[in-house]
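The values are calculated or read from the model by the stated rules, or taken from the named source; none is laboratory data. What you see is a predicted model, and the numbers here were worked out from it, not measured in a lab. Reconstructed Cβ throughout: ideal geometry from the backbone, glycine too, with neighbour counts over all protein chains shown. Accessible surface areas use protein heavy atoms only, side chains included; no ligands, DNA or RNA. Shrake-Rupley method; radii C 1.70, N 1.55, O 1.52, S 1.80 Å.
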Amino acid sequence: MNNKYRLRPADINEASLLNTIAARSKAHWPYDLAYLDLCNQVTRITPNEIRDWHFTVAEMDERVLGCCAVASVKNEFVI
């Protein structure tokens with residue numbers, strides 16, 4: 001284990017993994033199950049979004065730990 005993070009572009013085949021990580025991250029907070037279910041339905045990461053947006057993953061020892069994306073929505077950039 002080298003304890004060094006590496007940032008790299010996300011791969012379109014990682015959509016399912018990134019959705020799992022995003023759901024686990026949201027579940028950390030004390031939201032009720034109905035709200036978490038709604039979040040998971042609305043914030044699905046698709047292979048097309050990974051391809052079209054600027055998705056970056058953070059990994060350590062080849063294990064993906066998290067992700068972020070920058071996209072233009074209504075001519076504004078959102079993270």
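So here's what we get for this one:
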{"read-out": "For GLY66, distant residues with modelled amide H under 5 Å away", "value": "ALA58"}
{"read-out": "Positive minus negative residues near GLU62 (Lys, Arg vs Asp, Glu; Cβ under 13 Å)", "value": "0"}
{"read-out": "Rounded accessible area per residue of segment 11-79, 1.4 Å, Å²", "value": "75"}
{"read-out": "Neighbour net charge for ILE21 - beta-carbon separation under 13 angstrom, K R +1, D E -1", "value": "+2"}
{"read-out": "Fraction of accessible area attributable to carbon and sulfur, the chain (%, probe 1.4 Å)", "value": "55"}
